[in-house]
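The values are calculated or read from the model by the stated rules, or taken from the named source; none is laboratory data. Small disclaimer: the values here were computed from a predicted structure and weren't measured. Note that each Cβ is placed from the backbone with ideal geometry, even for glycine, and that neighbours are counted across all protein chains shown. Keep in mind that these areas ignore ligands, DNA and RNA; they rest on the heavy atoms of the full protein, side chains included. Shrake-Rupley method; radii C 1.70, N 1.55, O 1.52, S 1.80 Å.
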Amino acid sequence: MFKIMLGALWRPWESFIAKGLRSRGGRYLSAMGDADTIFALSSGHGRCGVAVIRVSGPSSSSALCSLAGPNRRLPAPRTAVLRDLTDPRTRELLDRGLVLWFPGPHSFTGEDSAELHVHGGPAVISGVLQALGSLPGLRPAEAGEFTRRAFHAGKLDLTEVEGLGDLIHAETEAQRRQALRQMAGELGRLYQTWSQELVRCLAHTEAFIDFSEEEMIDGGVLNEVDECVARLESEIARHLRDGRRGERLRGGVHVVIAGETNAGKSSLLNALCQRPVAIVSPVPGTTRDIVETPLDIGGFPILLSDTAGLRDTPDSVEREGVRRARERVEQADLTLAVLDVTELPRDTRSSPSFLTGYLRDVLNAGQDPGSGLGRCLLVLNKTDLLTGEQVDGLRGVLSPRPEGLPPVCLLSCRTGDGLGDFLGVLQEQVETMCGNPLAGAPSLTQARHRSHLQQCCQGLAQYRWYRERDLALAAEGLRLALTSLGRITGRVGAEEILDVIFRDFCIGK
């Protein structure tokens, strides 16, 4: 039975190992002796003061000596040395720059690696790359190949690889903090901790199945497995109930400006962007399509969308714009419902009920007005058309905020009055949705993480269901859960389960 179960566990990973990887203690090593030596520009393209060219692979040392090695000597490891870089074919001087030597396994990729820090002119970069390409055994790197080799060498798990990619593409402070935390391995360590507990649970269950009849395994071991599974299921479910904070922070909070025609939606977009992104006109229905622009609000990323005014219209083009606007509101993380303040009833005491009806139309198209208000911010625009007394009276009615209404902001896009207060409220809303990337447990950042964790929970639920019915099928649930976690980090193997069985039970001594 144990051999059968072990074979079932191993089969999902055969294709992974067939790609040139071997599992040793959860860290993957590629057959580097047969690998090509690759090179590429690792810094950004375009003119710059310094450009970094990276070389990685078994021929890195000979390549470095060919271009920058007087008497074919390598510099001391991890020490920057100023060298002349010459074309190995013509011995023509290409540039004078810093070279560094990183012998494996103490390098980013785990292989022998070298870096050439040259001047960032296009001609210099091109000349050095052509010189490297002329050497035997060297080829240009494919996209992401350095990081792929780092993963194969066990230098990074998949979550750290994703964190590195997020850091490269981070545009706001909050994105940078979250990416750094993930690249440092916090998310991977959390999942690895759960994986280790699942390995132990599966090993104990398999051992009980195979050896309990011989009285080599205490029956109480399954009670410990039950407790561990229940605890893991609770922790993972709590991790999943994060309101998509990490995913929102990584991709940006989708904020949609919606409302009736001529309410000032495009003016609000331009005011937030501080440039004329959208056309502003007194003619109703000017905006007919979605106008998008990314923004940084207090270090948090948002994708701001201006939409067509919501109204019934015989114009087929505008009608399509209204349809897209309603569709975008349904998909939005946060909706800025804009209203011309002069449209409010003269009796300010009727304003709360009027605004509730307005939000019903903007957010829900006739559905329950209470749904969706938590992801809405009500913007009353054109306060410059009211007297100071009218504005104060309206503020008195809306403060404290009436029950059933989202936060309300009064402002004038024309004069800028109230815009600062509105930005403060908007930042507070966005920060609540994204959370503090440095506080608490690391958040989910990828949709694939969420999918695999949900599959993991299904495996744990399968264990509980079959626990008293069929222990072999219950163990299969644990195996499904473990495989799902392993797909997040890229680290799991049958050897780990064997290690736990023999270590914990000393079977066969």
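Here are the numbers for this structure:
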{"quantity": "Placed amide H near Gly121: partners under 5 Å, 5+ positions off or other chain", "calculated": "Cys48"}
{"quantity": "Within the chain, helix-based [θ] at 222 nm, where runs of 4 or more DSSP H residues each add -39,500 (n - 2.57), nearest 500", "calculated": "-14500 deg cm²/dmol"}
{"quantity": "Which label in (1) 1.22; (2) 1.29; (3) 0.99 gives the computed Cα Rg over 2.2 N^0.38 Å", "calculated": "(2)"}
{"quantity": "Helix runs (DSSP H) in the chain reaching 30 Å along axis by Cα, Kyte-Doolittle at least -0.5", "calculated": "186-211"}
{"quantity": "Under-5 Å amide H pairs with Asp95, H placed in peptide plane, nonlocal only", "calculated": "Leu85"}
{"quantity": "Difference of contour (0.36 nm per residue) and Cα-Cα distance, Arg189 to Phe354", "calculated": "54.2 nm"}
{"quantity": "Accessible surface, 1.4 Å probe, highest first, among residues Ile279, Ile53", "calculated": "Ile279, Ile53"}
{"quantity": "Cα-based radius of gyration of the range 102-253 once divided by 2.2 N^0.38 Å, which approximates compact folds", "calculated": "1.56"}
{"quantity": "Over the range 64-184: Rg over Rh, Cα atoms, Kirkwood Rh", "calculated": "1.03"}
{"quantity": "Gain in span if fully extended, Ser281 to Arg319, counting 0.36 nm per residue against the direct Cα distance", "calculated": "11.8 nm"}
{"quantity": "Coil-residue GluC sites (Glu not before Pro) of the range 254-321, DSSP, other Cβ within 10 Å capped at 11", "calculated": "none"}
{"quantity": "Long-range amide H partners of Ser43 with built H, under 5 Å", "calculated": "Val52"}
{"quantity": "The chain - share of DSSP beta bridges that are antiparallel (%, nearest 5)", "calculated": "60"}
{"quantity": "FRET efficiency, Gln196 to Cys273 (Cβ-Cβ, R0 51 Å, nearest 0.05)", "calculated": "0.60"}
{"quantity": "Apportionment of accessible area to carbon and sulfur, the chain, percent (1.4 Å)", "calculated": "51"}
